[in-house]
Amino acid sequence: MPTFFIIIIALYLLGNLYIFTWGKNTLKAQSTGVKVLLSIIFWGCALSFFSNFLLRDVAMPDFLAHTMQDIGNGWLVFTLYMVILLGICDLLRLFHIRVRGAFYLATGLTLSLLGYGYYNYQHPDIKVINIVINKPSDNEEKQLKVVAVSDIHLGYGTDKDMLQKYVKLINDQKPDLILIGGDLIDNSVVPLYSEQMHEELSRLNAPYGIYMVPGNHEYISGITESKAFVQTTPIVFLQDSIVTLPNGIQIAGRDDRHNKNRKPIEELIHTTNPTKPVLLLDHQPYELDKTASTNVDLQFSGHTHRGQIWPINLVTDHLFELSYGYKQIKNTHFYVSSGLSLWGPPFRIGTDSELVVFNITFK
């Protein structure tokens, strides 16, 4: 894993050097003062991603923290699309086709894409999934409305104002039960306390309660600190544990793969009642066949973000058996969400943010 991150960082820096060289050649007629100023701005933006990570646990004014976060993370996507577009221009040069004003054109197209991606991110979809589970509940009602979300990534990127919109969106569905499939927290609990985000989370409302499992980012933020924050809210934190609702429905919450000592799925599910419905929260959608061999009726996962932006979604489709959407294996229904919010760059290009509503019918 460290080697992977070293490669990604090297590619990111090389990509910025490539863009900088293009810009330098395009702006060579400008005065030295202008070129120096633009160089400082360029590399300040390019390197701000690293400073954001290093300062993630440092308390600072909200405006400054959010600004640094948006610039640093946004520059990742700016770099990706600028490299792609300028690379196409260089490829065309090989065939003696020159694009006039290529650098300005690439910059304009990239900024337009980012504008669209930001708007798309700000308007999540509501996906409605109707599922029949061939097991009875203990109550007379045969229907259960479950709102499931994942990858909210609360922090300097997804702030309290955004959380307020999400809470309203969730409550507007009038759910019987709310499930959170991990990565509620981004990289640190510091901004969650400074913005008092527990106040908004405490407004979530569902008669059967709110349950979540840790994702890899709860571990990045510090699993002990993450659990302590969640305990200030009405959310029940499940970590290799199971709860049974008053209607007999069992919710199994699996610890994240970040914990190498988490229980095997067979061991966790072995303690459930096989005659009653079992809903499983497992942040990362791996080894679906193993889950399908147990008596789990529905597994909800997140983590993949569906790649978040094109063409990264092509990578996640290759890495995961199910990187997004619905699939049934044997008697188990699986759903992998693209996430209500996102990590890092505030853009959705070729993918959507979403809230999932499960209308479950019991036999």
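The values are calculated or read from the model by the stated rules, or taken from the named source; none is laboratory data. Quick caveat, the model's predicted, so the values are computed rather than measured. Cβ coordinates were reconstructed from backbone atoms using ideal geometry, including for glycine residues, and neighbour counts include every protein chain displayed. In case anyone asks, the SASA skips ligands and DNA or RNA and just uses the protein heavy atoms, side chains included. Shrake-Rupley method; radii C 1.70, N 1.55, O 1.52, S 1.80 Å.
Spin-label model, Val236/Cys89: points 7 Å from Cα along the beta carbon direction are separated by 5.7 nm.
Annotation: extensible slack from Gln143 through Tyr193 equals 14.3 nm (criterion: 0.36 nm per residue apart, minus Cα-Cα distance).
The calculated FRET efficiency for Tyr18 paired with Leu54, based on their beta-carbon distance and R0 = 41 Å, is about 0.95.
For a test of the definition: using alpha carbon positions, the gyration tensor, and the 1.5 limit on a/c, classify the range 44-131 as rounded, prolate or oblate. Can you show the working numbers first?
On the way: a/c = 2.81, a/b = 1.38, b/c = 2.04.
Oblate, since a/c reaches 1.5 and b/c is not below a/b.
When a 1.4 Å probe is rolled over the protein heavy atoms, the share of accessible surface on the range 105-208 that falls to carbon and sulfur comes to 53 percent. A crude spin-label estimate for the pair Ile126 and Val36, with each label 7 Å from Cα along the Cβ direction, gives 5.7 nm.
Straight Cα distances below 22 angstrom link Lys260 to the lysines Lys227, Lys290, with same-chain residues fewer than 8 positions distant left out. Given the -39500 (n - 2.57) contribution per DSSP H run of 4+ residues, what per-residue ellipticity at 222 nm results for the chain, rounded to the nearest 500 deg cm²/dmol? After summing the helix terms and dividing by the residues of the chain, the value is -13500 deg cm²/dmol. Here the Karplus relation 6.51 cos²θ - 1.76 cosθ + 1.60, evaluated at θ = phi - 60°, turns the backbone of the range 287-303 into coupling constants of 6, 5, 4, 5, 5, 5, 7, 9, 9, 6, 9, 9, 10, 10, 9, x, 6 Hz, with x for every Gly and Pro.
Computed over the chain with a Gaussian network model linking Cα atoms closer than 10 Å, the most mobile of Gln231, Gln30, Gln308 is Gln30. Here the Karplus curve 6.51 cos²θ - 1.76 cosθ + 1.60, taken at θ = phi - 60°, turns the phi angles of the range 203-216 into couplings of 8, 4, 9, 7, x, 8, x, 10, 10, 9, 10, x, x, 5 Hz, with x standing for Gly and Pro. Pick the calculated volume of the Cα convex hull per residue in Å³ for this structure from (i) 152; (ii) 130; (iii) 143? Computed from these coordinates, volume of the Cα convex hull per residue in Å³ corresponds to label (iii). Applying a threshold of 30 Å to the alpha-carbon distances of Lys168/Lys330; Lys276/Lys327; Lys174/Lys263 flags Lys168/Lys330; Lys174/Lys263 as lying beyond it. Phi angles across the range 330-346 convert, under the Karplus curve 6.51 cos²θ - 1.76 cosθ + 1.60 with θ = phi - 60°, into 3J(HN,Hα) values of 6, 9, 9, 8, 10, 9, 10, 8, 7, x, 6, 10, 6, 9, x, x, x Hz, Gly and Pro given as x. Taking a ≥ b ≥ c as the square roots of the Cα gyration tensor eigenvalues, the range 116-265 comes out oblate, since a/c reaches at least 1.5 and a/b does not exceed b/c. Among Gly344, Gly182, Gly248, which one shows the highest mean-square fluctuation when the chain is modelled as a Gaussian network with alpha-carbon springs under 10 Å? With Cα springs under 10 Å in the chain, the top fluctuation among Gly344, Gly182, Gly248 is at Gly248. If you run the Gaussian network model on the chain, springs between alpha carbon atoms under 10 Å, then out of Leu144, Leu92, Leu319 the most flexible one is Leu92.
Quick one: order Phe50, Phe78, Phe300 from most to least accessible surface, probe 1.4 Å.
Values: Phe50 55, Phe78 25, Phe300 5 Å².
I get Phe50, Phe78, Phe300, largest accessible area first.
Here each label is just a point 7 Å from Cα along the line to Cβ, and for Asp289 and Lys263 those points are 2.4 nm apart. Normalised by 2.2 N^0.38 Å, where N counts its residues, the alpha-carbon radius of gyration of the range 178-219 equals 1.23. The amide H of Ile129, built 1.01 Å from its N in the peptide plane, has Val357, Phe358, Asn359 as neighbours under 5 Å, considering only residues 5 or more places off or on other chains.
Solvent-accessible area per residue in the chain equals 47 Å², computed with a 1.4 angstrom probe and all protein chains kept. For Ile220 and Tyr326, what is the calculated FRET efficiency with R₀ set at 30 Å and r taken between the beta-carbons, to the nearest 0.05? Efficiency at R0 = 30 Å is approximately 0.60. Is the shape of the range 186-340 best called rounded, prolate or oblate, per the rule: a/c under 1.5 gives rounded, else a/b larger than b/c gives prolate, else oblate, with a ≥ b ≥ c the square roots of the Cα gyration tensor eigenvalues? Because a/c hits 1.5 or more and a/b fails to exceed b/c, the range 186-340 counts as oblate.
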